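Since the structure comes first, as structure tokens, the remarks are kept for the end.
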Amino acid sequence: MLRSPVVFVAIIFAIVVSMASRCGAGNTPAHDCVSFEQASKHLGASQCVRGTVLHVETGGKGVTVLNFCKEPKACPFSVVVFPADLKKMGDVRQLEGQQIEIKGTIQDYEGRTQIILRRAKQLGEGAFLLFPMVPTDYDVERAGRNATKAKREKTPKAKHVREEEPVPIEEAGEPQ
């Protein structure tokens, strides 16, 4: 008799866990994204590609490449970020070791499949990794200065006025 409530709770728990894993937390269902290994089958299409960034490297002319394989040259897919786009995006090196979903047009470049990352929103929910959280003491009105530090008032510098010898109103040689 004691085992039946325990079994019942265990079954309910298993159902809840399985439903939670199916629903997922993201806006894009996992079935809409293809793995980076399958990206070459979708050349020219605007597609979501999923994978774990294993290595981030900066190549010639400041181009940053996100690689999804241990051997980058043998990897069938990569994400490319040009220097002009890096300025708008933040630090993409923070994506190393993270599983990401990137949306964009899948292109072929010298036999490798790639997506060019131009905007952080192509990463969907993973974009928050690129932009640091705004601190709670951030002061917008003071151009990003720390709001907890009070601005010190400057004391005005004392002006030195040259004093001359006083001139008497009456001169000594005149009759009074």
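Extension gain for the segment D108 to A74, taken as residue separation times 0.36 nm less the Cα-Cα distance, is 10.8 nm to one decimal. Close amide H pairs (under 5 Å, H built 1.01 Å from N) link V63 with no residue at least 5 positions away or on another chain. For segment 25-129, relative contact order (Cα pairs under 8 Å, six or more residues apart, normalised by length) works out to 29 percent.
Taking only the Cα atoms of segment 25-129, how large is their convex hull per residue, in Å³?
Working: hull volume 10.0 nm³, N = 105.
In segment 25-129, the Cα hull volume divided by residue count equals 95 Å³.
Of the residues V80, V49, V161, the one with the fewest other Cβ atoms within 10 Å heads the list, and the complete ranking is V161, V80, V49.
Throughout, read-outs are computed from the coordinates displayed, never taken from laboratory work. Note that this is a predicted model, so its numbers are computed, not measured. Neighbour counts run over all protein chains shown; Cβ positions are idealised from the backbone, glycine included.
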